[in-house]
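The values are calculated or read from the model by the stated rules, or taken from the named source; none is laboratory data. These figures come from a predicted structure and were not determined experimentally. Backbone-built Cβ (ideal geometry, glycine too); neighbour counts: all protein chains shown. Heads up: the accessible areas ignore ligands, DNA and RNA and are worked out on the full protein's heavy atoms, side chains in. Shrake-Rupley method; radii C 1.70, N 1.55, O 1.52, S 1.80 Å.
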Amino acid sequence: MTPVERDLRYHAALGLAAEASQLALGYFNRRETLGITMKGAQDWLTVADGEVEAFLRGRLSTLFPGDSIIGEEGGGEPSDAVWILDPIDGTANFAHGDRNWCISIGFLADRTPEIGIVTAPALGEVYAARRGAGATLNGEPVKVSGATDIARAAIELGWSTRVPAARYLEVIGRAYAAGASVKRLGSGTLGLCHVACGWSDAYTELHINAWDVAAGIVVANEAGAHLNDFFAGEGIAKGNPILCCTPGLAVELKEITGIA
Ligand code: IPD
């Protein structure tokens, strides 16, 4: 893919994210009237998830008919030019009226994460990054905190029922024993963006799906974060563990999480 083709996709994704944000915010503001169902234990689904994904799929497939699309709700197949979408990341927050949810649009060319656009409409935040061009929040450059001392670090540990609770408890125990402060916000994508801004020193989770991190990985990477090779093996199709942190915490957090 040429730089021009990549930049065309970046600007298109920014525009589509703005439109999708208005659509999602409309649903959020009248969420009491929306159909909300459970896909599984603590796995939420709202009408907004389906509608926002359908909007993005429709527009992307018209603009770039040769690209493939993978979305949380509609699935899809990887290719050498693939969009990875999460229409609402932090769906449980959305359903509860918590404003920490976002729309995540990632793009990979030849398995390399190239573009990440993340909007948090209820917070007025737009995170954007292209590989090699830096990361921004609402147009201003962002970078990781530079933390090196685990005993002063604020780390986010994501959670889902896909991994036995005992394994999370082990990691939390090791993190607290090392002196870290542990939190959970409820959106993997925003968690990565918060590392990019220096608001957290790390985001880690024992299993997460590609749509929850594809865009955030580009944002965090461009802000100077250390990241594991999330897309290795079957990462796109089946997900993987993720470790995203300041470079100075990488060695210790690899030991604490067991994520290489
Ligand atoms: C979830 C969120 C959560 C993370 C889970 C994801 P969803 O995605 O990103 O923070 O810990 O692993 O499944 O269901 O809100 O799109």
Notebook entry, point to check: Do we have any residue at all in the range 163-173 that's away from the ligand (no atom under 14 Å from the Cβ) and in contact (Cβ under 8 Å) with a residue 60 or more places away in the chain?
Noted result: no
Note to self: Can you find a residue that is open to solvent by less than 40 Å² (accessible area, probe 1.4 Å), among the polar types (S, T, N, Q) and touching a Gly at 6+ places or on another chain (Cβ under 8 Å) anywhere in the range 218-235?
What the structure shows: no
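Which members of the range 199-217 meet the condition of being open to solvent by 20 Å² or more (accessible area, probe 1.4 Å), within 21 Å of VAL171 (Cβ to Cβ) and within 13 Å of the ligand (Cβ to nearest atom)? Full working, then the answer.
Taking the range 199-217 and keeping what is open to solvent by 20 Å² or more (accessible area, probe 1.4 Å), we get 199, 207, 209, 211.
Filter again for within 21 Å of VAL171 (Cβ to Cβ), leaving 199, 207, 209.
Across the range 199-217, the qualifying residues are HIS207, ASN209.
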Next item on the list: Looking at (1) over 17 Å from GLU252 (Cβ atoms); (2) within 14 Å of the ligand (Cβ to nearest atom), find the lone condition where ALA196 falls short.
Entry: (2)
Margin query: Among the residues that make up the range 126-149, is at least one of them within 16 Å of the ligand (Cβ to nearest atom) and of a type in the set (A, V, I, L, M, F, W, C)?
Written below: no
Next item on the list: Kindly indicate whether VAL182 is in contact with a helix residue (DSSP H, G or I) (Cβ under 8 Å, 6 or more places away or on another chain), in a strand (DSSP E or B), at pLDDT 95 or above and hydrophobic (A, V, I, L, M, F, W, C).
Entry: yes
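Quick one: count up the residues across the range 30-88 that are open to solvent by less than 50 Å² (accessible area, probe 1.4 Å) and of a type in the set (Ser, Thr, Tyr).
3
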Note to self: Tell me whether the range 82-96 contains one or more residues that are assigned to a loop (DSSP other than H, G, I, E, B) and within 11 Å of the ligand (Cβ to nearest atom).
What the structure shows: yes
Margin query: Can you say whether LEU190 is near the ligand (Cβ under 9 Å from one of its atoms) and open to solvent by 40 Å² or more (accessible area, probe 1.4 Å), as far as the supplied structure shows?
Written below: no
